[in-house]
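Report on one structure; see the data block that follows.
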Amino acid sequence: NASLRGDVFAFGISGDRTQHLLYRVRNGELEFRHPPRVVVITIGTNNVGRDNDEAHDIFLGLRACIGEVLTRLPGSKVLLPGILPRGPPVGARAQMPPAPGEDSTYHSGVAEEPTPLAAGYKVSKYAQPGAHTAVIGHVNRRLAALAAGSGGLVKYVDCAECFLTEDGTALRSDLMRDALHPTAAGMRAWLAKLKPEIENFGVADEGSGPRMDVSPTLPSTAFNHGSLDTVDEQSRSLVEHLVSWTPHALCVSHMTPKGDGPIVYCNDNFVLQTGYSVEEILGRDCRFLQSTNDVDTEALSAIRSAIAEGRACRVRIMNYHKDGTELVNDLELIPLHSDSGKVTHYLGIQRFRRNTTDGGELGDKSRTVPSTGGAYSKL
């Protein structure tokens, strides 16, 4: 008996990918006189199974859709059910019928039926983990992290359990008969899960939950934290361009007369990749990512020298995740100037990777890392 109160509109199209949804939103599909309270975005499964896109690209597409919706519908909130679990099982090829506008040549080379993995294919095609489980899990974890740092504008709801058996080893055939599309019963189960989340999310007090002071010029508070209001307008524009597309962790530090650099802005990748919350990041110097016991004096000396001279630098330094995991950081620091030419801020581009070598091997490598190029050298 689950049903939603008020007006409900559906905008999905069979075969949709993130790029299709983004195009339609940017070209006026979501034009409302009164913006809706909640927009539920369910997109990405066709990028997984039809296009075999990488997890990072799918996440960027979803993030762009979320930002566009929040920008065009002020006052609305976004609810993310994530990408649902799906088939085929590991070892089988995805069987996707042509979407409207696609002919059969799109799927040339794909067998009409996947090879059975075991006796009784009807059972095995529902097996989980499936061929796409790892990619789906990666995207959903990043969506959850984005929502957690959105200041209450975005909410993530894990809906996987709606379609899985109790032990999680298979999709329920009565709820997802083709291991991809929910049946009528599956839709009802899904709605039953989403209904209270939508209604509570939509009517929640605007003052409840943390809300970040974000510059209105940023693409969306769903993936930007802090403020760039003190940054020169030209530099701010270029930083915002980077934020929209970079897969790296970014932060902007305000240089004070005391010589420290409290972080005034970070993107969601910084939150996700370091494990710290927004509240634990803003206002702190980036030194909190370093160890007090194992100080990288060479890298720190290079950083201090560059800041003292107001120039850019690139170093490789050891940082640490909140859980203690070592993170090798190919760090690039870029000065941001005021109209008078004074360095007021530094943009930090962090290329984190988990350390898989011992300290000696890291030390033998060059500390100079590739530059992003000259485009940002004169900020």
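If you go through the stretch 131-146 and keep only what is over 18 Å from Leu282 (Cβ atoms) and either crowded, with 22+ Cβ neighbours inside 10 Å or in contact with a helix residue (DSSP H, G or I) (Cβ under 6 Å, 6 or more places away or on another chain) (or both), you end up with His132, Val135, Ile136, His138, Val139, Asn140, Arg142, Leu143. Among the residues in the stretch 29-38, are any within 22 Å of Asp158 (Cα to Cα) and among the hydrophobic types (A, V, I, L, M, F, W, C)? Within the stretch 29-38, one or more residues are within 22 Å of Asp158 (Cα to Cα) and among the hydrophobic types (A, V, I, L, M, F, W, C). Can you tell which of Ser301, Ser338 is more than 26 Å from Ala148 (Cβ to Cβ), touching a residue at least 40 places away in the same chain (Cβ under 8 Å) and surrounded by fewer than 18 Cβ atoms within 10 Å (Cβ to Cβ)? Only one candidate passes the filter, namely Ser338. For the stretch 280-311, filtering for residues that are among the hydrophobic types (A, V, I, L, M, F, W, C) and in a loop (DSSP other than H, G, I, E, B) leaves 2. Criterion first (aliphatic (A, V, I, L, M), loosely packed, with under 14 Cβ neighbours inside 10 Å and either modelled with pLDDT of 80 or more or not in a helix (DSSP H, G or I) (or both)) does Ala94 satisfy it? For Ala94, the condition - aliphatic (A, V, I, L, M), loosely packed, with under 14 Cβ neighbours inside 10 Å and either modelled with pLDDT of 80 or more or not in a helix (DSSP H, G or I) (or both) - is not met.
The values are calculated or read from the model by the stated rules, or taken from the named source; none is laboratory data. What you see is a predicted model; the values in this text were computed from it and never measured. We place every Cβ from the backbone using ideal geometry, glycine too, and count neighbours over all the protein chains shown.
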